[in-house]
1. On full extension of the chain, what length is gained from residue 440 through residue 423, given 0.36 nm per residue of separation minus the C-alpha to C-alpha distance?
2. Picking from 424, 272, 488, whose Cα lies most toward the positive end of the charge dipole for the chain (charges on Cβ: Lys, Arg +1; Asp, Glu -1)?
3. For the stretch 507-545 and the stretch 316-337, what is the separation of their C-alpha centers, rounded to whole Å?
4. Pairs to check: 107/151; 352/419; 221/422; 447/585; 18/419; 130/221. Give those whose C-alpha atoms are more than 23 Å from each other in this structure.
5. Whole number please: convex hull volume per residue of the Cα set in the stretch 116-157, in Å³?
6. For the stretch 398-459, what mean projected area does the convex hull of the alpha carbons give, in nm²?
7. In 10 Å bins starting at 0, how do the alpha-carbon pair distances of the stretch 433-577 split up by percent?
8. Does anything in the stretch 77-92 have its amide N under 16 Å from the 7 Å Cα→Cβ label point of residue 60, and if so which residues?
Amino acid sequence: MKILVVGSGGREHALVWKIGRSAKVEKIFCAPGNAGMQGIAECVDISATDIDGLLAFALAEKIDLTVVGPESSLVEGIVDAFEARKLRIFGPSQRAAILEGSKVFTKEFLTKYGIPTASFKAFRKIKEAKKYLQSCSLPLVVKADGLAAGKGVIVAATIEEAMDAVDLIMKDNAFGVAGDTIIIEDCLVGEEASFLAFTDGKTIRALPTSQDHKAIFDGDKGPNTGGMGAYSPAPVVTPAMTDFVIDNILQPTVEGMAAEGRPYKGILYAGLMIDGDKINVLEFNCRFGDPEAQPLLMRIESDIVEVFEACIDGTLDQIEIRVDPRPTVCVVMASAGYPGAYATGKVIKGLKKASQIEGVEVFHAGTRRVGGRVVTSGGRVLGVTAIGADLAEAIERAYHGVDRIQFPGCYFRRDIGGKALKRLAAPDRRAMVGIVMGSDSDLPVMKAAADFLDTMGVPWEMTVASAHRTPERAAQWAKTAQERGLRIIIAGAGMAAHLAGVIAAHTDLPVIGVPLDASPLQGMDALLSTVQMPPGIPVATMAIGKAGSKNAAVLAVRILALNDRGLAAGLVAFRQEMVQEVEEKASRILR
């Protein structure tokens, strides 16, 4: 296949890098591309928003698939233009890309379909906006309606700052026509996270979670940028939150857009604010994030071209997204002065040394080649991205790569991934055992496993997923279990009871099956279905019902105790308690 990637940033370099790993691909073009892509793609001097020029090139070169990186191209209608000429292209139509193209549309859409977001009002006149500000609680957020390269959002702590933000956007035209209309909304507090998913307009395939760092300075201080770094997964997003986002944000959005006559195909990116167990939508993007794309694409093991084609053809339900469980981190190296004015043409040294570090890829964003040298050509210059056995190793590798690269005025944050490290080190450890059941009616039985884990101090998570009614959910939960920190899974189901087998088929973690009594056969059907697994798909099968549920937890703790002396000591105490209980019962009946 001949592939055309549209764009010139770090996201597009990562896309070219990932696409190049597909066995389907013969040649990759990138328009306009950058210095980093030149070794793996042929760069073509056509602007990402020159729709006519890109279309003519695609027709002349008989391009088999076009992948669009930047939102500007999508909002300009590149997908519509290509599809009108029967060319295959990945991304949402112009009508669907309005989710990113207009914040007013999106906020009204979210409100209409009951999707959680901050309260807001839209204004087209400066005087009316400023009058409204006098009645607002602080802090608040002022946003330009249209595209502003990730910089059209201003958080105001005082009325004066809010007034200045209105003037900057509407009077000074800092973002051009994007600021003809503004939104003033409540300022949400919490921790931001990025949630991306592929969709063909019906099926949703979630990607791993990630977290961007928007502010220019360490500690999330200073003005917003396009993004100074990202990592995946984001531990702030729990499994329960993942389920909530899919069921209450992404699915209603895809269904709502179809109902509005704007069917959505491509990448759907929800920017979220998480405050405890409250999740609100900050924004939607209609493409891969930048820099989130870099760590995410490094983790995806599936053939990305097959995924793109499934989204186009409406066959995403037939595709599984395989994910490397290891975490990834991207650190952005920027020009001095960014996100304000900055100089370009600075010679970059150390690129080869950085790329030689194990697990490190250097994705170019704002670079070009001049006389055999790579020089800076943008605000965000490079995205040094690394994968590691754990988050700490990924961070260490990324910054090792950063330290090998130099160019005059280079700036980068030193705390990318820091929030995740603190969260992982917090006393409330991530779950080690996952408990999954086929129906919520199984909870009274499966609670016996949770209760025993609680007595042993083993953190657990619990969910419902049916092997027959929601097979995709069950498979996705199993595939992402290891990256969430799980080390053992307990699966309970009744009747045909294929749940444990489905889970075992989608993870390398040990799976313990608990057959449940849910039919006139009193659990014997579930027992046989659970224990009779094919070669290579092992399930440790327990007894039927509550006894089996508790024993599943006991076995789980025994496995964990092989590498945990504290748990081993707890098991000794547990056995002693059982002995004492039996002796006490015996003493009561002996005569």
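The values are calculated or read from the model by the stated rules, or taken from the named source; none is laboratory data. Note that the coordinates shown come from a computational prediction; the quantities given were computed from them, not determined experimentally. Note: ideal-geometry Cβ built from the backbone for every residue, glycine included; neighbour counts use all protein chains shown. Protein only, heavy atoms only, side chains kept; ligands, DNA and RNA dropped before computing areas. Shrake-Rupley method; radii C 1.70, N 1.55, O 1.52, S 1.80 Å.
1. Computed gain between residue 440 and residue 423 is 3.1 nm.
2. 424
3. 36
4. 352/419; 447/585; 18/419; 130/221
5. Per-residue hull volume (Cα only) is 95 Å³.
6. Projected over every direction and averaged, the Cα hull of the stretch 398-459 covers 7.2 nm².
7. That works out to 13, 46, 32, 8, 0, in percent per bin.
8. none
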